[in-house]
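Read-outs: derived from the displayed coordinates by stated rules, not from any lab. Bear in mind that the values here come from a model prediction, so they are computed numbers and not experimental data.
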Amino acid sequence: MSDREAEIVALQFAAMGYHAAVLHYSVSPAVFPTSLLEVGKAVSLLRQNGKKWNIDTDKIVVLGFSAGGHLAASYGMFWSETWVCEKLGISREMLRPDGMILCYPVISSGEFAHEESFRKLLGSEYEEKKESLSLEHYVNDKTPRTFIWHTFEDTLVPVQNSLLLVSEMVRQHIPVEFHMFEKGGHGLALANRMTQMAGGEGQERSAAEWIRLVHLWMERWIGQV
């Protein structure tokens, strides 16, 4: 998990007029599906308290960066599975995500995989289960509408991860908006000086447009523009 991709990003959505919550989920040595179940618990908590917290419970969106993008996308693919409901003891309706925002996400465990992410996610069961978490194969009619962005120059998590997912979502007629920026490496976060890395890296003016574009996507969705 990266602080550059957490509260400071949530504050951008708060400034747009949305509620935003940050989930500090379990990472290695915890393995799948620990963090996915934590997302489910968080979504159900928000929905359960919707009236008290003034949340539109039909507009709950999960967002993730990089390996967190794999987590968010995994939730989008698997939330309606019986095993998720049974492990949490929560109904499907309470677990439903209404949208996903995926930022340079890890998706595929195939040719374009970021192997380290899958090894940390699966631990000793990496070889046995890695194909089962290659998410481009699990898009279904319960997958929510999605906004995705990536960069052409990303050498750590190749843009093909997003392209494979987008292609399958289009094939199955799941609403998706995708932006590929030419410049910028991996882990850009907001891609501006607020989230730059040590040494000043991590700024890319064109990629920094993603936050404006996702705002437009959100506003179109809720019918305000």
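Annotations for the structure displayed:
- Length-normalised contact order of the chain in % [C-alpha pairs under 8 Å, at least 6 apart]: 17
- Over 30 Å between alpha carbons, listed pairs 41/183; 41/120; 51/87; 41/130; 51/130: 41/183; 51/130
- The value for the chain of Rg(Cα) / (2.2 N^0.38 Å) is 0.97.
- Relative contact order of segment 119-225, defined on C-alpha pairs under 8 angstrom at six or more residues apart (%): 22
- For segment 55-184, diffusion coefficient by Stokes-Einstein and Kirkwood Rh (Cα), 10 °C, 1.306 mPa s, µm²/s: 106
- Cα centroid separation, segment 189-217 to segment 1-78 (Å): 20
- Amide H within-cut-off set for residue 147, under 5 Å, with H built and near neighbours excluded: 100, 101, 102, 177
- Intensity falloff of segment 133-209 expressed as log10 I(q)/I(0), Debye formula with alpha-carbon point scatterers, at q = 0.21 Å⁻¹: -0.90
- Here the contact order of segment 18-82, divided by its residue count and restricted to Cα pairs under 8 Å and six or more residues apart, works out to 26 percent.
- Each residue of segment 1-72 gets 88 Å³ once the volume of the Cα convex hull is shared out per residue.
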